[in-house]
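The values are calculated or read from the model by the stated rules, or taken from the named source; none is laboratory data. Source: prediction; values computed, not measured. As a convention, Cβ positions derive from the backbone with ideal geometry for all residues, glycine included, and neighbour counts pool all protein chains shown.
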Amino acid sequence: MQLTTLPAQKNNLVISIINALVILALLITNIASPVAIVLGYFFETIIIGILNVVKMILVIGNRKNSNDKEPLALQLILIPFFMFHYGFFIFVQSVFVFLFFSKSGMGIESFPSINNFIHAFRIEGIPEVVLVLAITNVIYFFTDFIKKKSYLNLPVMVLMFQPYTRIVIQQLVVIISGFFILVKNTGWIAAVLLIIIKLLVDIRVIKVLPGDDQLLEKYREQQKNRPSW
């Protein structure tokens, strides 16, 4: 069963293009600096993780009508487990990101503390970038998950790995862009390339990791091969 319909694909294409154009406009008008663009995409990782927890909760809340037949106890355990390993993923990223930008003269420290996250978020231009990215991800949430009733099809086990199909490539590019921004006169170019690559990832032109359909199919195969006791 294909979870992604053609109209949904078209809608997401339009949303992704508008998102990229708005972020580019923030850069061109100097509302957001190249540093703000890169850090904004870093903060998007946190937004995606929060929305994924909401998805997992919705699947469990609709378990009576859901195709996910895993025991309730296992489903509930998977939520804090996801929060732990996804949080560790963000922590590792933040070590690299903050290390790069600690040399930018913006008061960012190299260690990813809570105060450092708060300070980074308050840098000029970042709130605007994060707002645009948050709105876009909430729209994705409603078009891809709520409207399609994916909470009845996608098991919690699949959702636990779903965010990584979107953010692994993006965050590698964020780290690389952060490095080039520190090099004189390359910040603007790095920010534009990041916007373009992020767009290509969102519209699945760049697709290295499996999507929802492949994750669901793999999960079902594992269920078939699971020994019955």
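Determine which single condition residue 77 fails, assuming it passes every other condition in (1) farther than 14 Å from residue 45 by Cα; (2) crowded, with 16+ Cβ neighbours inside 10 Å; (3) among the β-branched types (Val, Ile, Thr).
Among (1) farther than 14 Å from residue 45 by Cα; (2) crowded, with 16+ Cβ neighbours inside 10 Å; (3) among the β-branched types (Val, Ile, Thr), the lone unmet condition for residue 77 is (2).
Is it true that some residue in segment 12-22 is among the small types (Gly, Ala, Ser), closer than 28 Å to residue 176 by Cβ and outside any helix (DSSP H, G or I)?
No, because not a single residue in segment 12-22 is among the small types (Gly, Ala, Ser), closer than 28 Å to residue 176 by Cβ and outside any helix (DSSP H, G or I).
State yes or no: is residue 114 modelled with pLDDT of 85 or more and surrounded by fewer than 12 Cβ atoms within 10 Å (Cβ to Cβ)?
yes
Got a sec? Which of 51, 99, 131, 58 is of a type in the set (A, V, I, L, M), modelled with pLDDT of 90 or more and either outside any helix (DSSP H, G or I) or more than 20 Å from residue 159 (Cβ to Cβ) (or both)?
131
Identify, by number, the condition in (1) modelled with pLDDT of 80 or more; (2) of a type in the set (A, V, I, L, M, F, W, C); (3) surrounded by 15 or more Cβ atoms within 10 Å (Cβ to Cβ); (4) under 18 Å from the mean Cα position of the chain (by Cα) that residue 201 doesn't meet.
(1) is the only condition that residue 201 fails.
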